[in-house]
Amino acid sequence: MSVSKRFSPTKVTVSFYVKKEAAQGAKEVALICEHNDWQDVALKPQKNGTFRGSITIPVGIKPSYQYRFKFTNEDGSVRYDNDWNAESYTKNPFGEDNSVFSALPEKK
């Protein structure tokens, strides 16, 4: 799993990639993130078994956002997992960790 970002003066587009190994056979993968009150954002399956998708958020609202991935298996069961390569992690109210990405441009 990985994240890449593209900044403009007013927004940042964050792209998420879930590798085939991380998807572990899931038929659907969704991003859940605090930027939209934890509503599912479907990631698109790719021919090579990975999933990808992106979100766009305004720059300057928050310095960082929490997120997780929601995996739906063939039998309809659901599991949640963090980004294995997240920038950082923080505890959530359920005693688990959430992944975190920065919404600020890197200083040069």
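The values are calculated or read from the model by the stated rules, or taken from the named source; none is laboratory data. As the structure is a computational prediction, the values presented were derived from the model and not from experiment. Positions of Cβ are backbone-derived with ideal geometry, glycine not excepted, and every protein chain shown enters the neighbour counts. Please note that ligands, DNA and RNA were not included when accessible areas were found on the heavy atoms of the full protein model with its side chains. Shrake-Rupley method; radii C 1.70, N 1.55, O 1.52, S 1.80 Å.
Quick notes
- Assuming charge only on the beta carbon of Lys and Arg (+1) and of Asp and Glu (-1), the dipole of the chain about its Cα centre is about 540 debye to the nearest 20.
- Residue of Asn98, Asn36, Asn48 that the Gaussian network model of the chain assigns the largest fluctuation, springs spanning Cα pairs under 10 Å: Asn48
- When both the stretch 69-86 and the stretch 8-42 are represented by their alpha-carbon centers, they are found 11 Å apart.
- Using 0.36 nm per residue and subtracting the Cα-Cα separation, the extra length available between Ser8 and Arg79 on full extension is 22.2 nm.
- Ranking by accessible area, most exposed first, for Asp75, Asp81 with a 1.4 Å probe: Asp75, Asp81
- The chain, relative contact order in percent, only Cα pairs under 8 angstrom and at least six apart counted: 26 percent
- Unit Cα scatterers, Debye sum, the chain: log10 I(q)/I(0) for q = 0.19, 0.23, 0.24 Å⁻¹: -0.96, -1.33, -1.41
- Within the chain, the longest run free of exposed loop sites, counting GluC sites (Glu not before Pro) that sit outside DSSP helix and strand states (H, G, I, E, B) and have at most 15 other Cβ atoms within 10 Å, spans 1-73.
- Given charges at Cβ of Lys, Arg, Asp, Glu: the chain dipole, positive-most of Gly95, Ala26, Val3: Val3
- The label point for Asp97 and the one for Asn48, both projected 7 Å from the Cα toward the Cβ, are 2.6 nm apart.
- Those trypsin sites (Lys or Arg not before Pro) in the stretch 9-95 that DSSP places in a loop and that have at most 13 other beta carbons within 10 Å: Lys27, Lys47
- Length released on extending from Tyr89 to Asp37, taking residue separation times 0.36 nm less the Cα-Cα span: 16.9 nm
- 1.4 Å probe accessible area per residue over the chain, in Å²: 62 Å²
- Surface share of carbon and sulfur [accessible, 1.4 angstrom probe, percent] for the chain: 50 percent
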